[in-house]
Amino acid sequence: MKRIVILLFSFLAYGFSNAQQLNTLIDQALMNSPEIQKFELQYRIASEKVNQVNTIPNTEFGVGYFVSEPETRTGAQRFKVSAKQMMPWFGNITAREHYVSALAEANYEDIVIAKRKLIASVSQSYYKLYTNKAKDAVLLKNIKLLETYETLALTAVEVGNASAVDVLRLQIRQNEMQHLLDVLRQQYLAEQTNFNTLLNQNKDVKINVVNALSMPSEDFEVTPADLALHPELLKYDKLYHSVEQSELLSQKESSPMIGFGLDYINVEKRPDMEFNDNGKDIIMPMVSLSIPIFNKKYNSQTIQNELQQEAITVQKQERLNVLEARLDKAVKDRVSARISYTTQVKNLKQARNAEAILTKNYESGTINFKDVLDIQELQLKFEINQIESVKNYYVQSTIINYLTQQ
């Protein structure tokens, strides 16, 4: 699993030198997760059942006392002691072990799936925190810019090149920005709580996320064929194998059972006679055979196993279809995120050029503060969209990694 973490996110952690490494946080989540611990305990319980089934039936002991003593030629019978042990047919115990082991292996895939899901959840939450923090910085920058424009507007009002309405517009815009910033910070705290929950630590622990994420120069390769080895699909293969083992076990259990026993009968001496075998105890070895003549139960079990195998095959195909659709969507959404990012970069450059032109006009006393607000609003929109595009790219990459990495 450590190797998987490195493969999944080594390229995503590039540039995180001044922040907590994502891989470190993922390791912490994997170590502390109660859900993963739950699945690991379930797997250990399932594995321990191998020792439980590696047994033979209980040995039967019996003691009987003759209330009415039967008389024999050698004397009266007083009491009887017997012991009996039934033995399963050859290969029965081994078949049980294989069946229980197959179930345990299917349970193991639950651990792998839970770890993959946790890795994806931690990563996506981390990118949401980054997005929130990046938007916070953009809003602060825009608020300071508006304060600068307000100063310019006040100066322009004094010389008669602007009206008080322009100042009020700028102040209203600052209020809106501050409102967005306050809401954003509450959203950050909520996401931080979610992140800390994933790490199973105190919800108030501060998370030091990276200051900036850049769009990678190229996409990592996606191999759809790797989807066939996804643990969600491998679990169905192991469940199918467990049903095969169940059928083998059923066939073994339909075989006879052989038993070995020993009876001991105590005989009392006859007082009125003298002969060699007078009072001689009886020892009788026994062999028994248990044959399942009425085997309708095992025939029904065979039919159930066949139907269960068909059901597992259908369920696997259904899950494969879902995963393939999810992978295709993630790949296309990642492409869309890159396209969106490229567009926002172009738009932002043009908006800044327009802002520079408007600022130059101030020197000639012809600045239009309504146009300034419009351009500033566009810049904010483009910067926010750019941040969202980067986040979406990394989130979709996380989904692709969950589905394809081995």
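The values are calculated or read from the model by the stated rules, or taken from the named source; none is laboratory data. Just so it is clear, the model here is predicted, and its values are computed rather than measured. Cβ: placed from backbone, ideal geometry, glycine included. Neighbour counts: every protein chain shown.
Here residue 279 meets the list (1) touching a residue at least 12 places away in the same chain (Cβ under 8 Å); (2) at negative phi almost entirely, failing just condition (2). Comparison of 205, 165 shows that the only residue that is exposed (fewer than 13 other Cβ atoms within 10 Å of the Cβ), modelled with pLDDT under 95 and over 26 Å from the mean Cα position of the chain (by Cα) is 165.
Examine the stretch 70-84 for a residue that is out of contact with any Asp or Glu (no Cβ under 9 Å at 6 or more places or on another chain), farther than 30 Å from residue 245 by Cβ and among the hydroxyl-bearing types (Ser, Thr, Tyr), and state whether such a residue exists.
Scanning the stretch 70-84 turns up at least one residue that is out of contact with any Asp or Glu (no Cβ under 9 Å at 6 or more places or on another chain), farther than 30 Å from residue 245 by Cβ and among the hydroxyl-bearing types (Ser, Thr, Tyr).
Taking the criterion of being in a loop (DSSP other than H, G, I, E, B), under 30 Å from residue 400 (Cα atoms) and modelled with pLDDT under 90, the residues of the stretch 219-277 that qualify are 219, 220, 221, 222, 223.
For the stretch 348-397, the candidate set comprises residues that are among the small types (Gly, Ala, Ser) and outside any helix (DSSP H, G or I); within that set, the residue that is surrounded by the most Cβ atoms within 10 Å (Cβ to Cβ) is 365.
Pairs are defined by a Cβ separation below 7 Å, a sequence spacing of at least 6 or placement on different chains, a first member in the stretch 287-311 that is in contact (Cβ under 8 Å) with a residue 60 or more places away in the chain, and a second member that is aromatic (Phe, Trp, Tyr); the pairs so defined are 309/240.
Number of residues in the stretch 135-166 that are free of Cβ contacts under 8 Å to residues at least 40 places away in the same chain and not small (Gly, Ala, Ser): the value is 12. Is it true that some residue in the stretch 138-151 is of a type in the set (D, E, K, R), touching a helix residue (DSSP H, G or I) at 6+ places or on another chain (Cβ under 6 Å), in a helix (DSSP H, G or I) and within 30 Å of residue 368 (Cβ to Cβ)? Yes: the stretch 138-151 contains one or more residues that are of a type in the set (D, E, K, R), touching a helix residue (DSSP H, G or I) at 6+ places or on another chain (Cβ under 6 Å), in a helix (DSSP H, G or I) and within 30 Å of residue 368 (Cβ to Cβ).
Check the stretch 81-92 and report whether any residue there is at pLDDT below 90, more than 30 Å from residue 196 (Cα to Cα) and among the basic types (Lys, Arg). No, the stretch 81-92 has no match at all. Going through 327, 320 one at a time, which residue ends up being buried (at least 17 other Cβ atoms within 10 Å of the Cβ), touching a residue at least 24 places away in the same chain (Cβ under 8 Å) and either of a type in the set (A, V, I, L, M, F, W, C) or touching a strand residue (DSSP E or B) at 6+ places or on another chain (Cβ under 8 Å) (or both)? On inspection, the qualifying residue turns out to be 327. When restricted to residues that are free of Cβ contacts under 8 Å to residues at least 40 places away in the same chain and either among the hydrophobic types (A, V, I, L, M, F, W, C) or assigned to a strand (DSSP E or B) (or both), the stretch 66-89 contains 3. For the stretch 272-320, filtered to residues that are under 58 Å from the mean Cα position of the chain (by Cα) and aromatic (Phe, Trp, Tyr), the residue that is nearest to residue 251 (Cα to Cα) is 298.
Anything in the stretch 323-341 that is under 23 Å from the mean Cα position of the chain (by Cα) and charged (D, E, K, R)? List them, or say none. Of everything in the stretch 323-341, those that are under 23 Å from the mean Cα position of the chain (by Cα) and charged (D, E, K, R) turn out to be 324, 326, 328, 329, 333, 334. Determine which single condition residue 188 fails, assuming it passes every other condition in (1) in contact with an Asp or Glu (Cβ under 8 Å, 6 or more places away or on another chain); (2) over 29 Å from residue 397 (Cβ atoms). Going through (1) in contact with an Asp or Glu (Cβ under 8 Å, 6 or more places away or on another chain); (2) over 29 Å from residue 397 (Cβ atoms) one by one, residue 188 breaks only (2). Within the set 112, 50, 63, 100, the sole residue that is more than 19 Å from the chain's Cα centre (by Cα), at pLDDT 90 or above and either of a type in the set (Gly, Ala, Ser) or in a helix (DSSP H, G or I) (or both) turns out to be 100.
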